[in-house]
Amino acid sequence: MKEKNIDAVTTELSKILPLFQQKLIKPFEQIARSKISPMQFYVMLSLKEKGDLSMTQLSNKLLISKQQMTPIIDKLIELGFVERKHDEIDRRIVKITLSSSGKLFLEKQKMEMFDMLKTKIQSLNDDDLSTLYKAFIEIRMVINKLL
């Protein structure tokens, strides 16, 4: 029975992820893309979430090589969104940190995303809004239990 449930959940998840990509994530990426690339945006989100990270840590988190990461970081530095800082304990280690300008940029993007989502959601009736709200709460709670 458990295997059947796992297959059913996997099937539904494989259907919903493309919908999220198409209807929610892609429009937001297009808004942000006018300013920075999606990978640059994900680097900034990672730094906001995890704090200062080395190039190796960033590369591992985003599953790209350090060689690919260097031009991304260089461009973000040029834009003033991130900074390189030497580790206070081991000066050989260089950490990438989100600048105040980068934090402000992410906050602005968050507000734009919120407004875009709000506009999309306004087309739903009260029953659909309630159903969606309850579903998202439950999905978030269950996904947080995943490894």
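One table, with the values for the structure above:
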{"quantity": "Lone unmet requirement of (1) of a type in the set (S, T, N, Q); (2) out of contact with any strand residue (DSSP E or B) (no Cβ under 6 Å at 6 or more places or on another chain); (3) surrounded by 13 or more Cβ atoms within 10 Å (Cβ to Cβ) for residue 21", "calculated": "(3)"}
{"quantity": "All positions within the range 42-75 that are outside any helix (DSSP H, G or I) and either farther than 16 Å from residue 106 by Cβ or in contact with a helix residue (DSSP H, G or I) (Cβ under 9 Å, 6 or more places away or on another chain) (or both)", "calculated": "53, 54, 63, 64, 65"}
{"quantity": "So residue 108, is it under 30 Å from residue 119 (Cβ atoms), out of contact with any strand residue (DSSP E or B) (no Cβ under 7 Å at 6 or more places or on another chain) and outside any helix (DSSP H, G or I)", "calculated": "no"}
{"quantity": "Residue 14 over 27 Å from residue 135 (Cβ atoms) and small (Gly, Ala, Ser)", "calculated": "no"}
{"quantity": "Residue in the range 82-95 that is under 26 Å from residue 26 (Cβ atoms) and either over 21 Å from the mean Cα position of the chain (by Cα) or touching a residue at least 40 places away in the same chain (Cβ under 8 Å) (or both) present", "calculated": "no"}
{"quantity": "Test result for residue 16, under 30 Å from residue 136 (Cα atoms), surrounded by 10 or more Cβ atoms within 10 Å (Cβ to Cβ) and without any contact (Cβ under 8 Å) to a residue 60 or more places away in the chain", "calculated": "yes"}
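Here, each number is a calculation from the coordinates, and none is a lab measurement. Just so you know, these numbers come straight off a predicted model, no measurement behind them. Glycine gets a Cβ as well: all are built from the backbone with ideal geometry, and neighbour counts include every protein chain shown.
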